[in-house]
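See structure below.
Each reported figure results from applying straightforward, stated rules to the coordinates on display, with no laboratory input. None of these values were measured; they are calculated from a predicted model. Neighbour counts run over all protein chains shown; Cβ positions are idealised from the backbone, glycine included.
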């Protein structure tokens, strides 16, 4: 039995390493997508788009490995939380890879249109922050660093601020006539892609917290719902019955 458990722990470590390798692919893809967008690199865009199939295949293979471990090893407690967290994180990574592909596709749509230096600067910053967020999420996972996982939400706030700044700059450039409406729309969508990559990194951090401690972000919402059903607000103060006409 002891040998079986050692083998199981070895398989979990292999799955963890496979997840880290998958996440590293996205960390590398983010600056590539940014460079494709800024340089109008059609060949680079095509490369990123084609590599998405490989990410999908690796994600599915890793999911299957997790399902087999769940079915054959019947993990409990921390082992079970680890596998469940990894399954959730695979989806976050795969969708983030899709977003880098979407940036590459947007680069093809606006090919040949010059971008204002201010827009280019903010795009670079969004790409850098998205990459830093994803790298921090991976590091938190590999080291089981609860503090770093918890800090991801604050890091993401900076990326959210860059997105808002970028959208404002897009409007200003459009009003000044330096970019046309279609390009402005594409760039606004690109800003959303970067922002969503940050959100996925935050979600990965939450899964790290769950794997290490059992905490889930949904617990806060469930507690609020329970409080409302009990006639209280989120601070435990009774909610007035505004529908009674009193």
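Using only the Cα atoms of the chain, build the gyration tensor, take square roots of its eigenvalues as a ≥ b ≥ c, and label the shape rounded, prolate or oblate: rounded if a/c is under 1.5, else prolate if a/b is larger than b/c, else oblate. Note, shape of the chain comes out oblate.
Per residue, the average separation of C-alpha pairs within less than 8 Å and at least 6 apart gives the stretch 11-165 a relative contact order of 34 percent. Cβ-to-Cβ counts within 10 Å put 111, 47 in ascending order as 111, 47, the fewest first. Remark: spin-label model distance residue 189-residue 28 equals 2.8 nm, labels positioned 7 Å along the Cα→Cβ axis.
Which whole-angstrom value gives the distance between the alpha carbon centres of the stretch 33-87 and the stretch 118-184? Here the two parts' Cα centres lie 22 Å apart. For the stretch 1-91, the convex hull drawn through the C-alpha positions has a volume of 82 cubic angstrom per residue. When you count the other C-beta atoms within 10 angstrom of each residue and take the mean per peptide, 159-172, 92-105, 24-37 line up highest first as 92-105, 24-37, 159-172. Residue ranges 62-69, 128-135 sort as 128-135, 62-69 when ordered by packing (mean number of other C-beta atoms within 10 Å per residue, highest first). Per-residue ellipticity at 222 nm from helix content only, as computed over the chain with -39500 (n - 2.57) for each DSSP H run of at least four residues, stands at -30000 deg cm²/dmol. Counted by neighbouring Cβ atoms within 10 Å, the residues 225, 113 run from fewest to most as 225, 113.
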